Amino acid sequence: MRIGRVINSIWATRKADSLIGTKLMIVQLLDRPHGELGPIIVAADIIGAGIGEKVLVTEGSSARNMDNFNDSPIDSTIVGIIDEEKDKLAEVSKHA
Amino acid sequence: MRIGRVINSIWATRKADSLIGTKLMIVQLLDRPHGELGPIIVAADIIGAGIGEKVLVTEGSSARNMDNFNDSPIDSTIVGIIDEEKDKLAEVSKHA
Amino acid sequence: MRIGRVINSIWATRKADSLIGTKLMIVQLLDRPHGELGPIIVAADIIGAGIGEKVLVTEGSSARNMDNFNDSPIDSTIVGIIDEEKDKLAEVSKHA
Amino acid sequence: MRIGRVINSIWATRKADSLIGTKLMIVQLLDRPHGELGPIIVAADIIGAGIGEKVLVTEGSSARNMDNFNDSPIDSTIVGIIDEEKDKLAEVSKHA
Amino acid sequence: MRIGRVINSIWATRKADSLIGTKLMIVQLLDRPHGELGPIIVAADIIGAGIGEKVLVTEGSSARNMDNFNDSPIDSTIVGIIDEEKDKLAEVSKHA
């Protein structure tokens, strides 16, 4: 999986029937080694992530193992919202 | 999924039988972090995207979950045409 | 799919049984945004592409949806030979 | 597969039901040609890797061929902990 | 597929049960456009490739279409050993 941050939502009125009703969010991946910004992708979201939240994204065929995406043309899905507080605590304790 | 812009159509008279009749479009991905141009791919299109339109592209095995592509050697498909107007409004409201 | 150019053939006498008899070609991908040369891959070919020809390549599991590759360890296949003439005409008409 | 080093654990209270109970670790890939740091990913772990350990990571659909991940939205899994001592011995013997 | 060179073997005593007995080799990919060294991966090997040999590697789900890897968490497999001599002859004849 990859870590990313939701930066926007996206609309596509003309789209595949199987995507109708699916919430699509623009996510900036945070996977670069030295903290640089990574690629920008679009992920389906059923977890309810909001703009600005740090999320966990799954890509490829595994992205369809969520909800009823199995027969959808989806290759990226938000599978979790990262608890930023705990994330910081772990960072601090690591350098204690 | 990735955001891209259709930049051309492409012809291949000699091709896999299962691709006969499939509309193929050249798409420039717009997935780089700072707005630079991304890789150039070729995607199957049944949505009816035109040259210059901003599109949503699915890659990998999920790209076959459209129309009757299931048994085709297709690894990229246009799954939506992005509404550029709403896209700008969201951008404006984000910085309001 | 990706656009590429066949630059050589390749021989591997000791190989997986299921690859015996499969024609393998070295292809330079032409997928970089500003026309730079892309990665070099090896693709199975049943279309009959020759060295120097511009081809359409499918990667990943979709590459096995050709001929009887379904049970082969193949992750890249040439699925079409691009008509370079029409390709140029389209380029010209685009800038007319 | 890729070689990587576990650099942290990660928490996501709100996540896909099928990920509940799955240990997720942040792994820095060590796959760059000249030893530079590679991308940062998140991998499921049932082997019991600790922070600082060098691990073997599988990505894509193969990552689900572990434990009961088959129906999970997992695209990266730790599949082994690398014996660093033997790794060094091999390096030494290679240059003897 | 990608071309690579075997640069080392690798040991992981603690690993997925389904990998026990599987020979794992470290392979440097030679897929960069101008001959630069590519990423370093780990591939399963049942062909019997030795350190220093030039090999053909398959990645992704296709890598499991070898031997009895179907249910293994393997995403890279050596599928052939490249005949370097013929490779050079072809290079020479191309520039004759």
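Give the nm distances, rounded to one decimal, from E:GLY35 to the matching residue in every other copy, measuring between label points 7 Å along Cα toward the beta carbon; shortest first.
2.4, 2.4, 3.9, 3.9
Between copies, how close do the D:ILE20 label points come, placed 7 Å along Cα→Cβ, listed in nm from shortest?
List, nearest first: 3.2, 3.2, 5.2, 5.3 nm.
Between chains C and A there is a rotation axis; tell me the chain C residue with the nearest beta carbon and how many whole Å away it sits.
So the chain C residue sitting closest to the axis is C:SER61, 4.
Select from E:ASP67, E:ASP45, E:ASP83 the residue whose mean-square fluctuation is largest in a Gaussian network model of chain E (Cα-Cα springs shorter than 10 Å).
Among E:ASP67, E:ASP45, E:ASP83, the largest mean-square fluctuation in the Gaussian network model of chain E belongs to E:ASP67.
Provide the percentage of antiparallel DSSP beta bridges, counting only those with both residues in the stretch C:2-95; round to the nearest 5.
Counting DSSP beta bridges with both partners in the stretch C:2-95, the antiparallel share is about 90 percent.
Suppose you put the label 7 Å out from Cα in the Cβ direction; list, shortest first and in nm with one decimal, how far C:ASP67 is from each other copy's label.
Label-point distances to the other copies, shortest first: 2.5, 2.5, 4.1, 4.1 nm.
For the protein assembly as shown, what is the percent of antiparallel DSSP beta bridges, rounded to the nearest 5?
Around 90 percent antiparallel, to the nearest 5.
When chain B is treated as a GNM, springs tying every alpha-carbon pair under 10 Å, which of B:ALA49, B:ALA63, B:ALA12 comes out with the largest mean-square fluctuation?
B:ALA12
With contacts defined as alpha carbon pairs under 8 Å and 6 or more residues apart, what's the relative contact order of the stretch D:2-95 in percent?
27 percent
Let me know the charge dipole size of the protein assembly as shown about its Cα centre in debye, to the nearest 20, where only the beta-carbon of Lys, Arg (+1) and Asp, Glu (-1) is charged.
Around 540 debye, computed over the protein assembly as shown.
Among rounded, prolate and oblate, which fits the protein assembly as shown when a ≥ b ≥ c are the square roots of the eigenvalues of its C-alpha gyration tensor, a/c under 1.5 means rounded, and a/b larger than b/c means prolate?
Oblate, since a/c reaches 1.5 and b/c is not below a/b.
Per DSSP H run of at least 4 residues, take -39500 (n - 2.57); add these up for the protein assembly as shown, divide by its residues and hand me the 222 nm value, nearest 500 deg cm²/dmol.
When only DSSP H runs of four or more count, the value is -4000 deg cm²/dmol.
When chain A is treated as a GNM, springs tying every alpha-carbon pair under 10 Å, which of A:THR77, A:THR13, A:THR58 comes out with the largest mean-square fluctuation?
With Cα springs under 10 Å in chain A, the top fluctuation among A:THR77, A:THR13, A:THR58 is at A:THR13.
Rounded to whole Å and sorted largest first, list the principal axis extents of the Cα atoms in chain C.
Dimensions of chain C along the principal axes of its Cα atoms: 52, 22, 21 Å.
Report, in degrees rounded to the nearest 10, the 0 to 90 angle that the Cα long axis of helix B:84-95 makes with the longest principal axis of chain B.
30 degrees
Throughout, read-outs are computed from the coordinates displayed, never taken from laboratory work. If you're wondering where the values come from, they're calculated on a predicted model, not measured in any experiment. Counting neighbours? That spans all protein chains shown, and the Cβs are built from the backbone with ideal geometry, glycine included.
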